[in-house]
1. Can you find, within the range 288-306, the residue that is nearest to Asp242 (Cα to Cα) among those that are surrounded by 13 or more Cβ atoms within 10 Å (Cβ to Cβ) and of a type in the set (A, V, I, L, M, F, W, C)?
2. From the list Asp183, Asp242, Asp224, pick out the single residue that is surrounded by 12 or more Cβ atoms within 10 Å (Cβ to Cβ) and charged (D, E, K, R).
3. Identify the residue in the range 264-285 that is in contact with a Lys or Arg (Cβ under 9 Å, 6 or more places away or on another chain) and hydrophobic (A, V, I, L, M, F, W, C) and, among all such residues, is nearest to Gly209 (Cα to Cα).
4. For the range 252-263: of the residues being over 15 Å from Glu305 (Cα atoms) and over 60 Å from the mean Cα position of the chain (by Cα), which is surrounded by the fewest Cβ atoms within 10 Å (Cβ to Cβ)?
5. Anything in the range 283-306 that is assigned to a loop (DSSP other than H, G, I, E, B), touching a residue at least 12 places away in the same chain (Cβ under 8 Å) and in contact with a Leu (Cβ under 9 Å, 6 or more places away or on another chain)? List them, or say none.
6. Using the structure shown, decide if Pro93 is outside the structural domain of Thr139 (by TED's automatic domain parsing) and either modelled with pLDDT of 85 or more or under 30 Å from Lys149 (Cα atoms) (or both).
Amino acid sequence: MWITKKQFRGVWYLGILIMAVAAAIQLLNHHFLSKNIQRSEVSDSLLLDSLLVEIKLRQELEKENFRNTTQKENSFETKSPEELILNLHPFDPNTISRPEWLAMNLPEKVFNGLERYRSKGGRIKKPEAILKLYNLDETIGKQLIPFIKLDSSLYSKPKIELKKFKAFPEKPKYKPFDLNQADTTQLMSVYGIGRGIANRMIRHRNSLGGFISKKYVYDVFGLDSSVVEELFLKAYISENPDITKTKINTLSEEELAKNPYIRKGFARIIVKYRNQHGPFKKPEDLLEIKILTPDWLEKLKPYLEF
């Protein structure tokens, strides 16, 4: 079937018309869509602005309500002490209740502090102590003092009846003992001296020939000087003690060695020198032995016999 030239031209125009209509529809859709978006944005912005305004109004309203409530509750505190009209009457701050306190037109916050103080065992013992309450104005406190009536029986200390104690019996007085005659029992009665020290003291005393004075007691091996002082609270050395002297010219080496100041080493040297040079005539002759010193001789001299 053949299409005529006139028919072909009609189809071509129809296609162009369809494309133009489609383009027009597309342009119209785009135009209305952009309009809707703009309207939506404007609407959202207006809605947000209205919400912000409403929030601000609510905040202002709440602040105003809070201020009104606070002013109402604290109307007493906001007044100066000169503006307050107190309804005072005699009261005891240690027992007064909250309603009684408030009935006198006194600050509730002061009573709160008083109540905490009392709950911890605190008591107001004299009227002037009311001035120490927290938050209490001094002007109001001075007005309260004449009205304070304290019940002293609530906090006074009970009287304690003193018992009559029997006097302690006197400690038995010890009898001082002669140190040159003392046995271990007497020595052990001294604080700081045990059986071992007591036996050592007796051996030292016997080998020396007795104690002439206190200074020789300090030379007992292992005896503390403080114990020596304690010892002489109970013991004594007589003025002329009966001592056994060391016969320096007749005793053997073994016998001389028993003396705690001579011992075995010095005894051997002394006997050898005595055998070579003859007997000693006086204490100073011992210093001819060069190993012996004047200090050593001074300590041994009271015990030597020639």
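1. Result: Leu304.
2. Details: Asp183 fails: surrounded by 12 or more Cβ atoms within 10 Å (Cβ to Cβ); Asp242 fails: surrounded by 12 or more Cβ atoms within 10 Å (Cβ to Cβ).
Exactly one residue qualifies, and that residue is Asp224.
3. Applying the filter and picking the extreme gives Ala267.
4. This residue is Glu254.
5. Restricting attention to the range 283-306, the residues satisfying the condition of being assigned to a loop (DSSP other than H, G, I, E, B) are 289-293, 306.
Next cut, touching a residue at least 12 places away in the same chain (Cβ under 8 Å) only: 289, 291-292, 306.
Residue satisfying the conditions is Leu292 alone.
6. Details: outside the structural domain of Thr139 (by TED's automatic domain parsing): yes; either modelled with pLDDT of 85 or more or under 30 Å from Lys149 (Cα atoms) (or both): yes.
Yes.
The values are calculated or read from the model by the stated rules, or taken from the named source; none is laboratory data. This structure is a prediction, so every number in the text was calculated from the model and none was measured. Don't worry about glycine lacking a Cβ; one is built from the backbone with ideal geometry, like all the others, and counts go over all protein chains shown.
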